[in-house]
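Comments concern the structure below.
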Amino acid sequence: MNPVLTFLKGIAMGAADVVPGVSGGTIAYLTGIYQRLLDAIHAAGGSMWVALRREGIAAAWKAVDGWFLVALLSGIGISILSLSKVVLWGLDQHPTVVWSFFFGLIVASLKMLFRDVRGAWLMFAVGIVFGFVLSSMPAGYVELTPAFTFVAGFLAICAMILPGISGSFILVLLGAYEPILHALHERELATVAIFATGCVLGLLTFGRLLRWLFLRFEQATVSLMTGFIVGSLVKVWPFRSMWKGWEIPVSPSAWQAETGLSIAWGAIAIAALAGAVLVLGLDRWAQSRQSAN
């Protein structure tokens, strides 16, 4: 595969990973590199080491599809660093508009996941309850301790590699989304390195577990994840309030009365619609590619 094309696909994946709504795994799937990425991740935890012991570095590099990973990860990293400033500016200057865009993205992305929820309704219900309880807990702007930063990277990367689930959304639930973006923007190298280490170990360990779950219990796993996202929508609803220590969604009028802020209805509607159209457009493109093949 052309390394320049792979790099550009990494740019697209990185752009998706910055936004809590579109998964980098979805972009990998749409651009035809998803299976190759999973194979490379799987090899990094097993066959690469076998090849290294038996045939040396060159064989190990080939086993893990090294040049493919270098091109892809370079594109992802550059894209994330470039876009973090834009997202931070939007969250600071126009938070309700940005969260409306994210809400539209995530609601529309459920369409892809609901196609695979067939019969495993108990797991779907469990996911809804778990997602609602977790996302209703006030997170705010957390302090990025080394241990927390590592765990955040570990969990976020596992979500990123799954089509339909956004790693950035997991960071939103953890309350680490804005702190991580600030660390990237301010080039806080120690924090970024710890986060990246969590990401790498997440790929090599829990990523393999997820691959096994999808092979053995695909419907139950997808149903649980879909329910989790449905229950977690409270976290990206643009209008939220605190009630007895819990963060709950409220109506726009109640939010306006509480905060005294005005609501730019036109901008909010356009942002939510743009997010939904983006995801549905990508999904339609994927379906057309499958039909053509």
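The values are calculated or read from the model by the stated rules, or taken from the named source; none is laboratory data. Computed from a prediction, not measured in an experiment: that's the story for all the values here. Please note: Cβ atoms are built from the backbone with ideal geometry, for glycine as well, and neighbour counts cover all protein chains shown.
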Residue 72: modelled with pLDDT of 80 or more and under 27 Å from residue 176 (Cα atoms), yes or no? yes
Of the numbered conditions (1) of a type in the set (Lys, Arg); (2) touching a residue at least 40 places away in the same chain (Cβ under 8 Å); (3) more than 21 Å from residue 97 (Cα to Cα), residue 235 satisfies every one except a single condition; which is it? (3)
Please work out if residue 125 is assigned to a helix (DSSP H, G or I), within 22 Å of residue 24 (Cβ to Cβ) and at pLDDT 85 or above. no
What helices (runs of 4 or more DSSP H) completely inside segment 8-98 contain at least 2 residues that are among the polar types (S, T, N, Q) and surrounded by fewer than 16 Cβ atoms within 10 Å (Cβ to Cβ)? 66-93
Filter segment 99-122 down to the residues that are surrounded by fewer than 18 Cβ atoms within 10 Å (Cβ to Cβ) and outside any helix (DSSP H, G or I) and list them by number. 115, 116, 118, 119
When only residues in segment 166-214 that are outside any helix (DSSP H, G or I) and within 15 Å of the chain's Cα centre (by Cα) count, which is surrounded by the most Cβ atoms within 10 Å (Cβ to Cβ)? 166
Would you mind stating whether residue 155 is in a helix (DSSP H, G or I) and more than 18 Å from residue 221 (Cβ to Cβ)? no
Name the residue, out of 119, 104, that is touching a residue at least 60 places away in the same chain (Cβ under 8 Å) and under 30 Å from residue 260 (Cα atoms). 104
Give just the number: which of (1) modelled with pLDDT of 85 or more; (2) among the polar types (S, T, N, Q); (3) touching a Lys or Arg at 6+ places or on another chain (Cβ under 8 Å) does residue 135 not satisfy? (1)
Collect the residues in segment 1-50 that are modelled with pLDDT of 80 or more, over 15 Å from residue 62 (Cα atoms) and either touching a His at 6+ places or on another chain (Cβ under 7 Å) or not aliphatic (A, V, I, L, M) (or both), keeping them in residue-number order. 6, 7, 9, 10, 14
Segment 216-264, residues that are surrounded by fewer than 12 Cβ atoms within 10 Å (Cβ to Cβ), within 27 Å of the chain's Cα centre (by Cα) and assigned to a helix (DSSP H, G or I): 216
So residue 145 passes all but one of these: (1) under 24 Å from residue 185 (Cα atoms); (2) at pLDDT below 85. Which condition number does it fail? (2)
